[in-house]
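**Q** Quick one: the structure is below, questions incoming.
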Amino acid sequence: MPSSTIRLSPGARVLFLTKDPTLIERQLRGELTLRMDDIAIDDLLDDVNTDVMTPAWTCFDYLPDEIARNAYAGLIIDGRQLIPRDALFAGGFEVIVSGYRKGTGSSRETAVQAEKWSGIRIAIAASFAPIHKRNNLNQGVLMAHHDVLRRLQSGEAVPIADFQQDCDPIERLIVESGGLLPLSERVASGAVKLPALSQRPARPQTMVEKILSRHLVDANASAALVPGDAVMVRVDAGYSHDYTTAQVHHFLQQVHGASYRIKDPAKFAVFEDHLIYADSVPRIAPYRDKIERLRELQREFQRHTGVRNHAATDGRSPGICHQIARETFIDPGDFVQATDSHTCMGGAGNALAWGVGATEYAALIHSGMTAVTVPESIRFELHGTLAPGVTAKDLMLHILAGPARRQETLDRVIEFGGPGLRGLSMDERATLANMATECAAKTGICEADDSLFDWLRAIRPDVDIDALRTRTVAPDAGATYTGGVHRIDLDKLEPMVATPGDPARGIPADPTNGALVREIGRVRIDIAYGGSCTAGKHEDLDMYARVIAEARACGRSVAPGVEFFIQCGSLAVEAHARARGYIELFREAGVRLVAPGCGACIGCGPGASSHESQVTVSAINRNFKGRSGPGELWLASPLTVAASAIEGHITAYRPGLWGDAATKEATH
């Protein structure tokens, strides 16, 4: 447990992650000691993402002390690893400092572990991404803003309360206990009681407020939740995958012993999806034994707990966890927690779902409940209809380049509603919910309508639709949206891309770097990739097929020199594509088909670049530097990706791109 006041240890150092990489190198070499008075916040790196802190391959070491040896291995500048192996630990740093939105991207708790086990006990930033903030809390790493660092560097003993300024009552207890698991032990022993909610009158509620109210553990608590309330809630469902389960199993054994049990395995699951094709990537192949150990530990966890098992069969994955979960066991009104930032995809089906770290997941799967802070909400009212050639991905790139870049979505639940939403299919809604995490939002959730129930009836013929209708939530008139209510006219949207950024010049490579396709000029490509949880759904395959059929109708195929990969998100999606003749169509056009699952999105499968000179246009959800290989990565919609593969450069699809006759022939 930390003391009531915090000081810097004698001789401890502070590492400033500056936009000027030479300043970072000089600090690592011991040539430069900076103080907060020497640095402006604008000089610090923004959007330091978890892929930078712990790239995929570093997580194959599931033990935190090993992961820490490669802390910040993904910070690549001009082709070199800026922070070498063991450098963070060897530097004697106790504090690490960055700019805005520290810890965007994946929910991987390994990012925090890499810092903590390297000696970091205080993280300073202007703001933190929500999952990363929670992971810091759970691991006992203190967080504060830059003014606190000035006081620490002046020798002041700073009250621990100043490291709790953005914390709710339960989070303050986590800080005072030194982490989530120590707090859990104190609560179990009776040493600490969790704070009770104050009673208050009913008020109009947002969707997140309604779902959390229904899940309160304390049945006598007030149901009129407001943002900032700290509550204990039941968890309906969750899952982990081959990238994360080993740590969950390890932590549960450490805390509860080898014979531990979990609360209710019925709607919890494991998936073998993220690393299923990692062996096929040359730069990942050296880690084959570590990957196999992760698989073995997941199988051991599944046998021990009895959770749903979505393991590979004969080397073939059943598909991506988020896609299968929404197809098979996530219901409207559910509260879902899983060890992946794209858990929010469940929000397409009117569920409340977000990603958590391994420590938090271990705690909640053991007890069946978890502590949450009721988040604020921001609402997007959709009107009109998307033009041909424009998709939900373009809508999300529009939001990313605007409200998200301005931090209006930060740590808030994004509500999607309005008449325009009703014109979007369930798969397109899944894209909206899936990419809420790219906005550094808490999650995304869509209003329910008959399209949801028609979809559930089709994929689960035995489901009781009437029972599910009673579980749905809709916002009340007059509900409070701290982030505001924003109207988006779908008719006005155009095909967009997210540009690669330039980390060497302090411009983060992330999805908020939006641009209209018509404005970027001619961008030659080497690779086009269609797949991932964001773009490997049934309707995404329909989009790829629509474009390719039009191209084939006029004798066109994948452009010379371009590799076009298409990967289905699940076996059900693959069966859909096969039944409609897409598989043969794709092969005839020169597409390389990849079996269902994850892969290229995290650089662990076919479709990832292998050289810095390569340019990729991809339908995945984030384009962090190095995430999908070392090359340059542009994000785009499935339609744009397919059209670009045919043209050989980034091209927005439009009906009749290769002639009206081709369009008519392809659609009959």
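The values are calculated or read from the model by the stated rules, or taken from the named source; none is laboratory data. Model, not experiment: these values are computed from the prediction. Note that each Cβ is placed from the backbone with ideal geometry, even for glycine, and that neighbours are counted across all protein chains shown. Accessible surface is based on the protein model in full, side chains and every heavy atom, while ligands, DNA and RNA are left aside. Shrake-Rupley method; radii C 1.70, N 1.55, O 1.52, S 1.80 Å.
**Q** Contour minus end-to-end for Ile507 and Ser610, with contour as 0.36 nm per residue of separation and end-to-end as the Cα-Cα distance? Each step should come with its number before you reach the end.
**A** Numbers: separation 103, 0.36 × 103 = 37.08 nm, distance 2.26 nm.
Once the chain is fully extended between Ile507 and Ser610, it gains 34.8 nm.
**Q** Sorting Glu574, Glu209 by accessible area (1.4 Å probe), largest first, what list results? Don't skip to the end; give the middle numbers.
**A** Details: Glu574 30, Glu209 0 Å².
The most accessible residue leads, giving Glu574, Glu209.
**Q** Related question: Top to bottom by accessible area (1.4 Å), largest first, where do Glu381, Glu31, Glu171 land? Could the numbers behind the result be given before it?
**A** Values: Glu381 45, Glu31 110, Glu171 15 Å².
Descending order: Glu31, Glu381, Glu171.
**Q** Moving to a separate point now. Applying 1/(1 + (r/R0)^6) with R0 = 45 Å to the Cβ-Cβ distance of Asp462 and Arg522, what FRET efficiency is obtained, to the nearest 0.05?
**A** Details: r = 52 Å, r/R0 = 1.16.
Efficiency, from the Cβ-Cβ distance: 0.30.
**Q** Suppose R0 equals 60 Å. What FRET efficiency, 1/(1 + (r/R0)^6) with r the Cβ-Cβ distance, do Lys193 and Glu494 give to the nearest 0.05?
**A** Numbers: r = 55 Å, r/R0 = 0.92.
That gives a FRET efficiency of 0.65.
**Q** With a 1.4 Å probe and all protein chains in place, put Arg578, Arg121, Arg101 in order of accessible area, largest first.
**A** Largest accessible area first, the list is Arg578, Arg121, Arg101.
**Q** For segment 67-221, what is the accessible area per residue in Å², given a 1.4 Å probe and the full set of protein chains? Mind showing how you got there, number by number?
**A** Numbers: 5540 Å² over 155 residues.
That works out to 36 Å² for each residue.
**Q** Shape verdict for segment 38-111, please, from the Cα gyration tensor: rounded (a/c under 1.5), prolate (a/b greater than b/c) or oblate. Before the final figure, lay out each step's value.
**A** Working: a/c = 1.63, a/b = 1.39, b/c = 1.18.
Because a/c hits 1.5 or more and a/b exceeds b/c, segment 38-111 counts as prolate.
**Q** Using a probe radius of 1.4 Å on heavy atoms only, what accessible surface per residue do you get for segment 399-508? Whole Å² is fine. Write out the running numbers ahead of the final one.
**A** Working: 4310 Å² over 110 residues.
Per-residue accessible area for segment 399-508 comes out at 39 Å².
**Q** Taking 0.36 nm per residue of separation and subtracting the Cα-Cα distance, what length does fully extending Ile160 through Ser259 add? Write down the numbers at each step before the final one.
**A** On the way: separation 99, 0.36 × 99 = 35.64 nm, distance 3.67 nm.
Fully extending the segment from Ile160 to Ser259 adds 32.0 nm.
**Q** Determine the percent antiparallel among the DSSP beta bridges restricted to segment 229-382, to the nearest 5. Walk me through the intermediate numbers first.
**A** Details: 6 of 20 bridges.
If I count the DSSP bridges inside segment 229-382, around 30 percent turn out antiparallel.
**Q** Can you give the calculated 222 nm mean residue ellipticity of the chain, where each DSSP H run of n ≥ 4 adds -39,500 (n - 2.57) and the sum is split over every residue, rounded to the nearest 500 deg cm²/dmol? Can you show the working numbers first?
**A** On the way: 25 runs with 210 residues, N = 668.
My calculation for the chain gives -8500 deg cm²/dmol from helical runs alone.
**Q** What whole number of Å gives the distance from the Cα centroid of segment 302-340 to the Cα centroid of segment 232-297?
**A** 11 Å
**Q** Where both partners of a DSSP beta bridge lie in segment 54-160, what percent of those bridges are antiparallel, to the nearest 5? Numbers along the way, then the final one.
**A** Details: 2 of 9 bridges.
For segment 54-160, the DSSP antiparallel bridge percentage is about 20.
**Q** So, one more: Just to be sure I understand: of the beta bridges DSSP finds with both ends in segment 537-668, what percent are antiparallel, rounded to 5?
**A** Values: 1 of 8 bridges.
In segment 537-668, DSSP labels about 10 percent of beta bridges as antiparallel.
**Q** In the full protein assembly as shown, how much of Thr33 is accessible to a 1.4 Å probe, in Å² to the nearest 10?
**A** Answer for Thr33: close to 110 Å² accessible.
**Q** If I compute solvent accessible area with a 1.4 Å probe over the protein chains, what percent of it on the chain is carbon and sulfur?
**A** Details: 11580 of 23510 Å².
Solvent-exposed carbon and sulfur of the chain make up 49 percent of the total.
**Q** So what's the gap between the Cα centers of segment 508-523 and segment 421-479, to the nearest angstrom?
**A** Using only Cα atoms, the two centres lie 30 Å from each other.
**Q** Pop the C-beta distance of Asp147 and Ser4 into the FRET formula with R0 = 22 Å and round what comes out to the nearest 0.05. Kindly include the intermediate steps, with their values, before the conclusion.
**A** Values: r = 20 Å, r/R0 = 0.89.
Result of the calculation: an efficiency of 0.65.
**Q** Based on alpha-carbon positions alone, could you give the equivalent ellipsoid semi-axes of segment 565-668 from the gyration tensor, as √(5λ), descending, whole Å? Intermediate results must be reported in sequence, preceding the final value.
**A** On the way: eigenvalues 123, 69, 22 Å².
Each semi-axis is the square root of five times an eigenvalue, giving 25, 19, 11 Å.
**Q** Describe numerically, in nm with one decimal, the distance between label points set 7 Å from Cα along Cα→Cβ at Asp454 and at Val485.
**A** A separation of 2.7 nm, rounded to one decimal place.
**Q** Something else: Any idea how far apart Asp20 and Ser280 come out in nm if each label point goes 7 Å out from Cα toward Cβ?
**A** According to this spin-label approximation, the distance is 4.6 nm.
**Q** Additional query: Taking the highest mean first, how do the peptides 38-49, 588-599, 288-299 order by number of other beta carbon atoms within 10 angstrom per residue? If you can, show how the numbers build up before the last one.
**A** Values: 38-49: 18.2, 588-599: 21.9, 288-299: 16.6.
Top to bottom by mean Cβ count within 10 Å: 588-599, 38-49, 288-299.
**Q** If the chain between Thr470 and Glu296 were fully stretched, how many nm would it gain, using 0.36 nm times the residue separation less the Cα-Cα distance? Kindly include the intermediate steps, with their values, before the conclusion.
**A** Working: separation 174, 0.36 × 174 = 62.64 nm, distance 4.04 nm.
Between Thr470 and Glu296, full extension yields an extra 58.6 nm.
**Q** Past the 21 Å Cα-Cα mark, which pairs from Lys102/Lys290; Lys393/Lys537; Lys19/Lys625; Lys210/Lys442; Lys102/Lys267; Lys263/Lys442? Each step should come with its number before you reach the end.
**A** Working: Lys102/Lys290 29 Å; Lys393/Lys537 13 Å; Lys19/Lys625 15 Å; Lys210/Lys442 16 Å; Lys102/Lys267 32 Å; Lys263/Lys442 25 Å.
Over 21 Å apart, Cα to Cα: Lys102/Lys290; Lys102/Lys267; Lys263/Lys442.
**Q** Whole angstrom only: what separates the Cα centroid of segment 1-17 from the Cα centroid of segment 385-419?
**A** 40 Å
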